[in-house]
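Worksheet for the structure shown next.
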Amino acid sequence: MGDIRFDGRVAIVTGAGVGLGRSHALGLAARGAKVVVNDLGVSRDGSGSTSEASEAVVAEIKAMGGEAIAHGCDVSDEDGVKDMVAQAMDTWGRIDICVNNAGILLDKTFGKMEMSAFRKVIDVHLIGSANVAHACWPIMREQKYGRIVFTSSGSGLYGNFGQSNYGAAKAAMMGLMNVLHIEGARDNIRVNTLAPTAATRMTEELFPPETAELLAPETITPGLLYLVSEDAPSHVILGAGAGSFAQTRVYETKGITLSDEDNTPETIAAQFNQITDPSNQVEMADAFAQTKKYALNAAQARGLKLDW
Ligand code: NAD
């Protein structure tokens, strides 16, 4: 297998001033990509704003002989994002790769959380990622080439105490990927989700120093680079951290089909073990596949023939 390279490719990486985004931007540039280093330069809770970090990453890329520009838009601001995409197009004339990485935390247990904090986190992670992907979308369709990654989290996929806003926003990445994967396929746009776990300022008090060293952002970037490469898969949720890589999948069990007479909460309670039995579980290609399965099951149970 040849080296994975990004020569001639243009990438936008959001939140690329520090942490994972910085590592991704440097990794892309080291393999030939021209990079828009986006960062609003906020602190972990989204407050303040400075362009220092993104400019430092641009300087690092230029020092290694690469090409990069900084853009300080807030990803949740649609006009700012459009301006960033316009600048990338003015500078390099195409956008091949879109890495949605910018993020903040406003943790509190659900009972103590103000809805303004819930909305803010959704705005940055979900609306921000959708803004950037949406602004890149017509360009990628026209080019018949695009690679998009959303950044999820174990918090969204599996849950984490005190992170209802963040967990909801991060689970939404999967929903956005599911649909864009389907809609983008005809134009060679591949869409994946990265679920990292890294020692960055976002997680700084969580790990002892020796664990933090293992969980360096640079251990995750190779996974991101594969997800945005020429031969990238699509519709993959890739867990990554400390050199471990694994896929998260959503399955549906085979389940049961009840007749109208049996369709009661009591029968469901009685057969819950069978409903949740994982043997023969499958991944659904799309939402319609589930509808089709249920309609066919019902028809079969009633001895009907469905012309599907
Ligand atoms: P970080 O705090 O080190 O970096 C986040 C960057 O995003 C900062 O540079 C910040 O200025 C920028 N940013 C924040 N809001 C922005 C906005 N509205 N517009 C533009 N830029 C903005 O965090 P990190 O740990 O490197 O996390 C990167 C991504 O990975 C985030 O989406 C985060 O939720 C996700 N993630 C991180 C971990 C982890 O263990 N660190 C785990 C799961 C998911």
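The values are calculated or read from the model by the stated rules, or taken from the named source; none is laboratory data. Since we're looking at a predicted model, the values are computed, not measured. FYI the Cβ positions are ideal-geometry reconstructions off the backbone, even for glycines, and counts take in every protein chain you see. In case anyone asks, the SASA skips ligands and DNA or RNA and just uses the protein heavy atoms, side chains included. Shrake-Rupley method; radii C 1.70, N 1.55, O 1.52, S 1.80 Å.
Can you tell me how the range 10-248 classifies by the Cα gyration tensor, rounded, prolate or oblate, using a/c under 1.5 as the rounded cut?
It comes out rounded by the Cα gyration axes.
Rounded, prolate or oblate: which one fits the range 13-93, using the alpha carbon gyration tensor with axes a ≥ b ≥ c (rounded when a/c is under 1.5, else prolate when a/b beats b/c, else oblate)?
oblate
Would you work out if the range 122-267 is rounded, prolate or oblate? Take a ≥ b ≥ c from the square roots of the eigenvalues of the alpha-carbon gyration tensor; rounded if a/c is under 1.5, else prolate when a/b is larger than b/c, oblate otherwise.
Because a/c hits 1.5 or more and a/b fails to exceed b/c, the range 122-267 counts as oblate.
Would you tell me the accessible area of Cys98, worked out with a 1.4 angstrom probe on the heavy atoms of the protein chains, in Å² to the nearest 10?
Solvent-accessible area, nearest 10 Å²: 0 Å².
For the range 144-158, take each phi angle, set θ = phi - 60°, evaluate the Karplus expression 6.51 cos²θ - 1.76 cosθ + 1.60, and give the result in whole Hz per residue in order, putting x for glycine and proline.
Result, ordered by residue: 6, 7, x, 10, 10, 10, 9, 9, 9, 6, x, 4, x, 7, 10 Hz.
Ordering Arg186, Arg249, Arg44 from largest to smallest accessible area (1.4 angstrom probe), what's the sequence? Walk me through the numbers on the way to the answer.
Working: Arg186 175, Arg249 110, Arg44 80 Å².
Final ranking, largest accessible area leading: Arg186, Arg249, Arg44.
Out of the range 191-298, which GluC sites (Glu not before Pro) are coil in DSSP terms and have no more than 14 other C-beta atoms within 10 Å?
Numbers: sites: Glu204, Glu205, Glu210, Glu213, Glu218, Glu230, Glu252, Glu261, Glu266, Glu283; in loops: Glu204, Glu205, Glu230, Glu261, Glu283.
When the GluC sites (Glu not before Pro) of the range 191-298 are filtered for loop state and at most 14 Cβ neighbours within 10 Å, Glu204, Glu205, Glu230, Glu261, Glu283 remain.
With every protein chain kept in the model, how would you rank Lys112, Lys120 by accessible area, 1.4 Å probe, largest at the top?
From most accessible down to least: Lys112, Lys120.
Please give the per residue accessible area of the range 251-308, computed with a probe of 1.4 Å over protein heavy atoms only, in Å².
Each residue of the range 251-308 exposes 78 Å² on average to a 1.4 Å probe.
How many percent of the accessible area of the chain is carbon or sulfur, using a 1.4 Å probe?
Roughly 53 percent of what the probe reaches on the chain is carbon or sulfur.
Name the residue from Gly19, Tyr158, Ile148 whose Cα lies farthest towards the positive end of the charge dipole of the chain, charges +1 on Cβ of Lys and Arg and -1 on Cβ of Asp and Glu.
My answer, from the dipole projection, is Ile148.
Counting other C-beta atoms within 10 Å, and keeping those with at most 13, which DSSP coil chymotrypsin sites (Phe, Trp or Tyr not before Pro) do you find in the range 144-203? Could you put the intermediate results ahead of the total?
On the way: sites: Tyr145, Phe150, Tyr158, Phe161, Tyr166; in loops: Tyr145, Phe161.
Here the chymotrypsin sites (Phe, Trp or Tyr not before Pro) that fit, given the DSSP loop and packing criteria, are Phe161.
So what J values fall out for the range 294-300 if you push phi through Karplus, 6.51 cos²θ - 1.76 cosθ + 1.60 with θ = phi - 60°, rounded to Hz, Gly and Pro as x?
Result, rounded to whole Hz: 5, 5, 5, 4, 5, 5, 4.
Post the alpha-carbon centroid distance, the range 61-77 to the range 252-267, in whole angstrom.
After rounding, the separation between the Cα centres reads 55 Å.
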